[in-house]
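What follows is a short report on a single structure.
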Amino acid sequence: MTSSRDTMTAAVVVTHSRTVGRVLLQGGTVVALVLLLAFFFAMRPDTFLSFVNVRNILYQVSILAIIAAAQTIVMVVGDFDLSVGATSSLAGSVSATLMLGNSPIPVAIVAGLAVGLLVGLVNGVLIAYLNLSAFVATLATMTSVIGLAYLVTAGTTLFGMPAAFNALGQGRFLNIPLPVYSAIVIALVIWCALRFTTVGRRWHAIGGNVEVARLSGVNVRFARLLAFTMAGLVSAIGGILLAARLGSASAEQGGNNMMFSVAAVFLGMTVLRSGAANLGGTMIGVAIIGVMSNGLNILGVNAYVQQVVTGLIIIAAVTLSSLKTRER
């Protein structure tokens, strides 16, 4: 009797442990964000969750949120884009150069957006129609685009853009920086496109199973081309806003956003049971990165240590995503 009762108790404990494990795996990203908020609030209760600091966090991650949204589009399709950061830098540099050459602000912005579209289109053609791997194609594109950005800027940092342009990145509405609103609008548009449009459903279908999508009548090549093109355009928006926020443009000022955008998407993959890329999860991943960076700065942690922590977070994100895929 005792042996039978012990066996039942052990079975209940094992079942409970597995349930807890699934819950942690399912909501690991959300739990991590809550724990980070709690930790930094406990360390700096008078500063961390103040309105000013929360606003600073939103301001700091606004551009990353836009770049990560671009990365999400591509990763929904089952690919990834190493060139999003370089594309944003080139777009900002082109717009800045044209404005310094007395071109009207709208013309300079449209030119920057056209650069993003062109880079995305090139990526799409290389990957969808020439069948190059996304890693090889976007790595090559990233290298070339960085070189073009250096040529456009002559290897210097560009200053002196018109005040009206800088206001796009430095202005405020209701005491909230304008890039925060831009990031929210872009994220909502992309979320709606992924969730409610035919193109979005096709992207999800391709990311789930390319062959099934093809047999279902989806033009896989064109859909992948469109995904990379849209990612290029959104990256360009981020780069132009970054130039406006900083009041300057350089060849590599958006470079770190590529690494952070990939980390944010991987972190967000644990939010859904399917373990697929999704915009809501990506934004949670962006929040984790922003909260961590801001909290470590408040605590006075060395910048090099922050780089180590960032690397560990990327490893954790990929590991969680891998575990989620195996569970599937």
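Here, each number is a calculation from the coordinates, and none is a lab measurement. The model shown is predicted, which means the values in this text are computed figures rather than measured ones. Glycine gets a Cβ as well: all are built from the backbone with ideal geometry, and neighbour counts include every protein chain shown.
Answer with yes or no whether residue 149 is farther than 24 Å from residue 183 by Cβ, buried (at least 17 other Cβ atoms within 10 Å of the Cβ) and either of a type outside the set (Val, Ile, Thr) or touching a residue at least 60 places away in the same chain (Cβ under 8 Å) (or both).
no
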Among the aromatic types (Phe, Trp, Tyr) and under 21 Å from residue 67 (Cβ atoms) - does that describe any residue in the range 211-227? no
Does residue 133 satisfy the criteria of being under 20 Å from residue 254 (Cβ atoms), free of Cβ contacts under 8 Å to residues at least 24 places away in the same chain and not basic (Lys, Arg)? no
For residues that are in contact (Cβ under 8 Å) with a residue 40 or more places away in the chain, assigned to a helix (DSSP H, G or I) and farther than 18 Å from residue 282 by Cα, tally how many sit in the range 161-207. 8
Where in the range 29-141 are the helices (runs of 4 or more DSSP H), entirely inside, with at least 1 residues that are of a type in the set (D, E, K, R) and surrounded by fewer than 20 Cβ atoms within 10 Å (Cβ to Cβ)? 51-76
